[in-house]
1. When the residues of the range 65-90 are filtered to those that are assigned to a strand (DSSP E or B) and out of contact with any Lys or Arg (no Cβ under 9 Å at 6 or more places or on another chain), which remaining residue is surrounded by the most Cβ atoms within 10 Å (Cβ to Cβ)?
2. When residues of the range 426-452 are filtered for being modelled with pLDDT of 90 or more, at negative phi and in a loop (DSSP other than H, G, I, E, B), how many remain?
3. Are there any pairs with C-beta distances below 7 angstrom linking a residue in the range 659-671 that is surrounded by 11 or more Cβ atoms within 10 Å (Cβ to Cβ) to a residue that is not in a helix (DSSP H, G or I), with the two at least 6 apart or on different chains, and if so which?
4. Looking at ASN560, is it polar (S, T, N, Q), over 26 Å from THR155 (Cβ atoms) and in contact (Cβ under 8 Å) with a residue 60 or more places away in the chain?
5. Would you call TRP200 in a strand (DSSP E or B) and out of contact with any Ser or Thr (no Cβ under 8 Å at 6 or more places or on another chain)?
6. Could we say that THR325 is surrounded by 15 or more Cβ atoms within 10 Å (Cβ to Cβ), more than 30 Å from GLU280 (Cα to Cα) and β-branched (Val, Ile, Thr) here?
7. Being over 22 Å from PRO528 (Cα atoms) and modelled with pLDDT of 90 or more is the filter here, so list the residues in the range 457-483 that pass it.
8. Does any residue of the range 410-425 turn out to be under 28 Å from ALA328 (Cβ atoms) and β-branched (Val, Ile, Thr)?
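The values are calculated or read from the model by the stated rules, or taken from the named source; none is laboratory data. Remember, predicted model here, so these are calculated numbers, not experimental data. Note that each Cβ is placed from the backbone with ideal geometry, even for glycine, and that neighbours are counted across all protein chains shown.
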Amino acid sequence: MTVTKDDPEAFALEELRCALVVSNLPAIPEDKHAKLHAVVSKIFSQLGTVRALDMPVTGGYAVVEYASAAEARRALQRTDGYKLDKSHVLRVQLLGEVERLRELDVQHPWEPPSELAAELSDEVVQLVSARPNLWSHLADPRGRDQFVLCAGADTAVYWFDPVLPPELAYERSNWTESGVRWSPLGSYLATFHRQGVALWGGGEFEKIVRFAHDHPRLIHFSRNESYLVSYNAPDAPEPLIVWEADTGRKLRAFPGPLRLPQRLLDALWNQVFEERAKAEAANPMLAQMQATETRRLEAARASGTPPVGIGRFPWPLIQFSADETLMAQLGDDCVHVYGPLPEQVGLVDRRPVPAHGVSGMEWSPAANILALWSPEEGQSPARVLLLEMPSRRELRQKALYSVAQIELLWHPQGKYLACRVDRLTRSRKGRFTTFEIFRVNERDVPVEVLEFSERDRVSAFAWEPKGDRFAVLHQEVPAAVPAGAAAAATTATAALRPVVTFYEVQRDALRSLFSLERKQCNRLHWSPSGAGHILLAGLGSMGGVLEWWNVPEQELMGMNEHFACTDIEWDPSGRFVTTWVSATASRIEHGYQMWTFYGRKVGGAVAVENLFELAWRPRPRRWLLSADEERQVRRELKQYRVRYEAEDVALREQQRSGARVARREALAEWQALVERARARYAAEAEARARLWAGVPGAREAVRAAPAAAAEEEEEIEDVVEEVLEEKEEVLQKWLSEEDERD
């Protein structure tokens, strides 16, 4: 149907559908306006017939009108997130959507669109319409963070304050059947039940929405919490379901039985049988006792069923792009990419992305870039491929030889891709590790290579969340020695300890910063603050040794230990870190300990019997403030700091005063008890005299008892200390005035 100007309302609506609002353009002087206008016109004219392009001078935005609504939608998909330069990433939206949001009454409760409400049940519509404020916890006056504890059948959410003991925010028994999960931005808390998954939120943790999927075992959120994937069992009718998180609408269900790519399935089963072979070699009788179980596993492998052990399951099976418009699933010699979401859940361009022998994939956390890797086959080398989606444009490809395994490790900000490549030596009997660092944001995607020798065994790799640094944990394996020197070799191996080396990706090269040798360390935990702080942890057999380092200053900030520690997690601000002992990994010392970012204990260790999960509530990645409000906060930061420090001092003094009051009240209660006992003793004097009347010498003993008790009574003296003056002096150079108050 053609819309004409004879129908003004329909014509205006069609105009809104054909026009795009482009924001985040450079605000440039008037003399450069024509050049920028030409650049923007070139970008958008390639995607359709542009009828008009209006771009005010120094406005920082433009309005592009296409000949049809279909062309406008296609241009929206291709240009939203387009990188104009290093500082300007385009944000594109339909003019009709902008007008709808502009006219929206902020006081009016949100209601789902009528076409969406028709697909939802009455229960879901009612829950969505009466939805609580999911970010109410961010308005806490003290700016506190929350963490959740699961112990036995009890689940509790606490407020954490470095000055006061943890404050209970919400507690419930039998709230979940197999653990909980925070959503990536902290809006929801997910719980597992026999009937499915439920999301809870708001100040009182009300039920927001539920997803009906019998006996769910794993879930995965998209980056911005728009979608959720649930998985239950490989032989279920619908083992894998994709949901819309806000409404609970089922977007796509993958029918069972679940089929994994053959390469991935073979790798999982090979791992299972290698572990069984090692166990049977150590205990030959075990092979005879478990012969039936071995035949069952071989039959399951032949049928194409994945291993039952959830720890080996390659989760997530479905990954979402950074802007959540696409989702990808690994296939045999291809990758299935679906979208654009949520309008379409079918294959993009109605065909999968061909990738011969593909064995792994990872989306960039910052752009719609898909990283793939394929192993060697015959004379064909292994390769790493970067694809821009949905255009399928190849950004970079690199061939690699003598490859045993590749692991894709994206930088949290999407600036770099590190490929850990385990290579075979010429004899094919040994292995060594190299790292291929792709500079994704630079022209032609250059690659830096970091190579370790065959004697250097790499244990861990970790990117700094905000920055260009990364850490590698490695250990030099001693060379082979003659048989007569076996004792010396054993001594040398026992004395060896891992080495942690820090590197930085600089503009022109990859540079080694410094190394920490002979460290009791098997875990690397960067602080999310971006200040360059890292926790080196030696868990398990190393006894829970902890070292806090300031990498920019190459300085040891603190050293301590948490015996039997099994897990470590930083809080979202990077100011505190939690070490805890899980009941699933240890039989003793269940509980947790809070630390500052430089290794000082915050309070004492908290014992929690049968603790099996502890997780901090994430924060939104971007502040909910405008640019002007954020600049104002930065200008007034010192004033805020003074106010918060005064609050901390007042709270600490209140704690000390409360302790003194509690001691005085306990002493007064004891003295009152003594006085009541004395009064009762005096009141019963005549009764005692009558009872002892017939006993020779008893009268003198009764009279002497009170006098003797008075002589033996000790005087209790209460010593009260009063603080007349306090003086704090910062001795460490890493605690400057610009640092956080803790």
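1. At the first step, the residues of the range 65-90 found to be assigned to a strand (DSSP E or B) are 65-66, 83-85, 88-89.
Those left that are additionally out of contact with any Lys or Arg (no Cβ under 9 Å at 6 or more places or on another chain): 83-85, 88.
Values: LYS83: 12, LEU84: 17, ASP85: 7, HIS88: 15.
That would be LEU84.
2. Going through the range 426-452 one residue at a time, the tally reaches 6.
3. ARG660/VAL720; LEU667/ASP718
4. So ASN560 fails the test.
5. Details: in a strand (DSSP E or B): yes; out of contact with any Ser or Thr (no Cβ under 8 Å at 6 or more places or on another chain): no.
No: the conditions fail for TRP200.
6. Values: surrounded by 15 or more Cβ atoms within 10 Å (Cβ to Cβ): yes; more than 30 Å from GLU280 (Cα to Cα): yes; β-branched (Val, Ile, Thr): yes.
Criteria met by THR325.
7. Here is the first cut: in the range 457-483, the residues over 22 Å from PRO528 (Cα atoms) are 457-458, 474-483.
Across the range 457-483, the qualifying residues are ARG457, VAL458, HIS474, GLN475.
8. Taking the range 410-425 and keeping what is under 28 Å from ALA328 (Cβ atoms), we get 410-423.
Then keep just the ones that are β-branched (Val, Ile, Thr); that gives 421.
For the range 410-425, residues under 28 Å from ALA328 (Cβ atoms) and β-branched (Val, Ile, Thr): present.
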